[in-house]
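*Asks:* Here it is, the structure in full.
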Amino acid sequence: MSETRTSPEAPAAVAAPVMTHRMILFVIFGLMAGMFLSALDQTVVGTAIRTIGDDLHGLSEQAWVTTAYLIVSTISTPIYGKLSDIFGRRPLFIFAIVVFVIGSILASFSTSMLQLAAFRAIQGLGAGGLMSMPLAIMGDILAPRERAKYQGYFLAVFGVSSLLGPLIGGLFAGADQILGIAGWRWVFLINVPIGLVALGIVLRFLHIPRHPIHSVRIDWWGATTVIIALVPLLLVAEQGREWGWDSPLALGCYIVGGLGVIAFVIVETLMKDDALIPLKLFRSSTFSMATVIGVFVGFGMFGAMLTIPLYLQLVMGATPTESGLQMLPMILGMMIASIGSGQIIARTGRYRIFPILGTAFLSIGFFWLTRLQYDTSYWFMAGGMLLIGLGLGQLMQTLTIASQNSVGLRDMGVATSASTFFRQIGGTLGTAVLLSLMFTLMPQNIQASFADEATLTSALDAAFDPEVATAPENADIMAKIYTPIVTQATDATTEKLQQGVDQATAAATDAVAAQVEAGQLPASQQAAATAAAVAQAQQAALVEIQKQVPAARLSDEGTVTLDLSDADERSAFVDTLVPTLLDRFADDGGDSQIDDSTVDDTSFLVGADPRLSKPMLVAFNDSAVAVYWVAMWVVIIAFVLSLFFKTPPLRAKSALQEAVDDDAALSAQRAANEAGAPVEVDTGGIRVPAEAAPLTRRQAREAGTAQ
């Protein structure tokens with residue numbers, strides 16, 4: 001009788017679920033609130049950054065704002081993961097929300113781009129937890145195969161934030177003031193009520209079983225060395241174009257960053273299982289390859305995606321709100337690919353094909369965008385965005401699931417955060433390097449655009465047209481770009497023509513004076529004769545100079561001016577200037593004051609005559625295309641690596657369920673051993689010798705893995 005009682009009870013204990021479907025839904029509800037806060041912030045800021053940069057006169061410093069946010073969020077991600085493994089996910093997630101809200105409030109008071117970058121860094125400290133904690137919690141409560149069933153909830157949050165974010169960001173960026181506060185500042189203030197709601201939901205619903213962790217050593221040295229390693233390298237990636245890539249400052253950053261990397265590896269080796277990023281994770285070829293692919297994908301994705309809203313606004317003339325809506329093909333592609341791949345993974349437990357297809361779609365999408373021209377239709381660009389979205393949708397969840405599938409409960413937090421950490425490193429480097437590349441190329445490309453004869457001729461014809469030049473909508477672009485060119489050209493031309501008139505006037509005056517001196521003309525008639533001679537000489541000179549410059553005019557006082565209102569005369573005048581200006585732009589950019597400051601405030605392009613703005617639009621298009629080429633080659637490397645990606649089948653149990661089942665199985669086996677039960681209890685594949693001392697859960701899991 002004892003046999004029939006003991007044997008069924010153990011499997012029943014093993015099979016009991018640690019969390020019901022209803023409990024899981026409540027937890028996911030809390031996670032969705034935090035993820036909505038983070039996702040909305042990214043889309044809102046992305047569409048408003050041009051307006052913010054223009055208002056704070058520092059669009060070329062945009063990379064500082066983005067990089068500061070990414071540096072801090074990247075560094076804090078593994079710290080959140082490790083601390084959550086020790087102290088639990090819930091308190092760390094709550095802390096992340098609070099810090100993010102505080103950073104948002106501070107960012108709304110920014111008075112410069114650098115100050116905004118500092119406050120965005122505080123936001124990044126909270127964002128590191130908002131991005132990694134939900135993934136770690138999902139890894140705890142859901143089996144890798146089962147996770148795809150719940151992916152729709154998170155995609156709904158992402159989709160709603162992607163739709164609302166651009167609309168809200170565009171609304172705020174387009175408003176001068178809302179309740180007496182500059183419109184763009186509400187981009188950050190909107191996080192406050194949303195954050196408070198998210199905090200309330202998390203406090204109410206986010207409750208997950210705690211599993212005791214005996215190790216409480218915190219890897220402070222690891223956190224310190226990762227900061228020493230990353231910050232200098234990311235700084236030189238951002239500032240290398242200004243410092244010089246081989247300048248003393250840059251070399252110092254290389255050395256400090258390199259020493260930091262070495263120190264980090266040494267510290268993590270010594271800390272073993274308590275390391276911030278345990279090096280044992282990399283013994284798994286699946287985890288290692290997923291991490292490396294994630295770095296390359298993050299590099300191409302983050303850096304290139306940041307240029308798309310700018311391209312839509314600057315080159316295609318979209319408003320911030322319109323550019324947000326125009327990003328929908330990418331969002332649509334991500335949702336289709338993510339839902340489709342998730343359903344296939346849930347049914348089959350296999351996912352090797354998705355990193356391959358994802359990187360292939362991503363590479364094709366970036367190659368598609370390298371075909372862009374400044375006057376390309378939106379629908380062509382929409383095709384490229386759709387391909388990129390289809391690629392990203394197959395990559396984002398797949399790489400995270402692969403990393404989580406390679407570890408157990410004890411390392412779920414650090415594995416998830418490590419995967420996110422390295423992907424963010426790639427994203428941060430991509431943002432810094434590719435945006436730095438873009439704004440480095442911009443002045444050169446503007447100069448090159450002006451060096452094109454057809455573009456320069458059309459732009460000058462508009463700039464010399466009095467109606468175009470004096471139009472209010474062209475005032476800013478004239479002052480920023482064309483007034484120096486126009487002023488120099490007209491001054492040089494009139495000065496040269498004036499010299500000819502002055503010489504003719506002087507010759508006529510001298511001739512009359514000579515006649516008076518020779519007695520051929522009475523002195524009393526000298527003044528009248530001189531006036532007549534000068535008028536005749538000036539008229540003759542005017543005929544001659546108008547042969548050279550038909551737009552030349554001569555006032556009654558003998559002053560040469562230019563009247564460029566006639567289209568034919570203006571065209572002839574521009575044709576005489578173009579060869580000289582082409583040489584100047586080919587050499588040094590002429591006198592148009594084209595440098596980094598030219599793109600600090602791009603509001604001068606809004607509403608400007610297309611002929612005047614074309615050189616800048618062509619330059620930005622060429623700079624963006626260069627970024628897409630770099631992103632494409634980086635993603636191609638990820639595609640090649642994905643061909644060698646080994647992907648074992650996904651586990652059918654969650655990490656929490658495995659831990660509970662292991663504990664129940666071990667307890668049943670010990671009870672059977674103590675009672676002398678002749679029937680072996682099912683321990684879920686964990687071999688427990690009858691006479692062995694009680695095993696810890698960690699020893700049991702290692703034994704089960706070996707088995």
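This table checks each residue for (1) surrounded by fewer than 22 Cβ atoms within 10 Å (Cβ to Cβ); (2) more than 22 Å from the chain's Cα centre (by Cα); (3) not in a loop (DSSP other than H, G, I, E, B).
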residue	(1), (2), (3)
249	yes, yes, yes
262	yes, yes, yes
271	yes, yes, yes
293	no, no, yes
318	yes, no, no
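*Asks:* Follow-up question, since we're still on this one. Being of a type in the set (Gly, Ala, Ser) and surrounded by fewer than 17 Cβ atoms within 10 Å (Cβ to Cβ) is the filter here; which residues of the stretch 478-499 pass it?
*Replies:* Once the filter is applied, which keeps residues that are of a type in the set (Gly, Ala, Ser) and surrounded by fewer than 17 Cβ atoms within 10 Å (Cβ to Cβ), the stretch 478-499 yields 479, 492.
*Asks:* Would you mind telling me which numbered condition in (1) over 22 Å from the mean Cα position of the chain (by Cα); (2) within 16 Å of residue 203 (Cα to Cα); (3) open to solvent by less than 10 Å² (accessible area, probe 1.4 Å) residue 96 fails?
*Replies:* (1)
*Asks:* Consider only pairs whose beta carbons are under 7 Å apart and that are at least six residues apart or on different chains; among these, list those whose first residue lies in the stretch 226-242 and is under 19 Å from residue 262 (Cβ atoms) and basic (Lys, Arg) and whose second residue is at pLDDT below 80 and not in a helix (DSSP H, G or I).
*Replies:* none
*Asks:* Does residue 329 meet the test of being part of a helix (DSSP H, G or I) and touching a Pro at 6+ places or on another chain (Cβ under 9 Å)?
*Replies:* No; evaluated as a whole, the condition is false for this residue.
*Asks:* Shifting gears a bit: Only residues that are modelled with pLDDT of 90 or more and open to solvent by less than 50 Å² (accessible area, probe 1.4 Å): list them for the stretch 637-654, please.
*Replies:* Across the stretch 637-654, the qualifying residues are 638, 641, 642.
*Asks:* Going by what's in this entry, would residue 515 be described as touching a residue at least 40 places away in the same chain (Cβ under 8 Å) and out of contact with any Phe, Trp or Tyr (no Cβ under 8 Å at 6 or more places or on another chain)?
*Replies:* It is false that residue 515 is touching a residue at least 40 places away in the same chain (Cβ under 8 Å) and out of contact with any Phe, Trp or Tyr (no Cβ under 8 Å at 6 or more places or on another chain).
*Asks:* Kindly provide the set of residues from the stretch 508-530 that are aliphatic (A, V, I, L, M) and open to solvent by less than 60 Å² (accessible area, probe 1.4 Å), ordered by number.
*Replies:* 508, 511, 512, 513, 514, 516, 521, 529
*Asks:* Residues that are under 22 Å from residue 585 (Cα atoms): list the helices (runs of 4 or more DSSP H) wholly contained in the stretch 455-572 that include at least 1 such residues.
*Replies:* Correct list: 466-469, 483-517.
*Asks:* Return only the number of the condition from (1) part of a helix (DSSP H, G or I); (2) over 24 Å from residue 423 (Cα atoms); (3) at pLDDT below 85 that residue 196 does not satisfy.
*Replies:* Going through (1) part of a helix (DSSP H, G or I); (2) over 24 Å from residue 423 (Cα atoms); (3) at pLDDT below 85 one by one, residue 196 breaks only (3).
*Asks:* Take the residues in the stretch 365-422 that are of a type in the set (Gly, Ala, Ser), modelled with pLDDT under 85 and assigned to a loop (DSSP other than H, G, I, E, B); name whichever of them is surrounded by the most Cβ atoms within 10 Å (Cβ to Cβ).
*Replies:* Looking at residues that are of a type in the set (Gly, Ala, Ser), modelled with pLDDT under 85 and assigned to a loop (DSSP other than H, G, I, E, B), I get 406.
*Asks:* Within 60 Å of the chain's Cα centre (by Cα) and of a type in the set (Val, Ile, Thr): is that true of residue 509 in this structure?
*Replies:* So residue 509 does not fit the description; no.
*Asks:* Then there is this: Of the residues 475, 463, which single one is open to solvent by less than 30 Å² (accessible area, probe 1.4 Å) and of a type in the set (A, V, I, L, M)?
*Replies:* Step by step, each of 475, 463 is checked, and only 463 is open to solvent by less than 30 Å² (accessible area, probe 1.4 Å) and of a type in the set (A, V, I, L, M).
*Asks:* Another question, if that's okay. Quick one: residue 118 ticks every box in (1) at pLDDT 90 or above; (2) open to solvent by 10 Å² or more (accessible area, probe 1.4 Å) except a single one, so which number is it?
*Replies:* Residue 118 satisfies all of (1) at pLDDT 90 or above; (2) open to solvent by 10 Å² or more (accessible area, probe 1.4 Å) except (1).
The values are calculated or read from the model by the stated rules, or taken from the named source; none is laboratory data. Quantities reported herein were computed from a predicted structural model and do not represent experimental measurements. Heads up, the Cβs are rebuilt from the backbone with ideal geometry, glycines too, and the neighbour counts pull from every protein chain shown. For the accessible areas, the whole protein counts, side chains as well, though only heavy atoms, and no ligand, DNA or RNA atoms are used. Shrake-Rupley method; radii C 1.70, N 1.55, O 1.52, S 1.80 Å.
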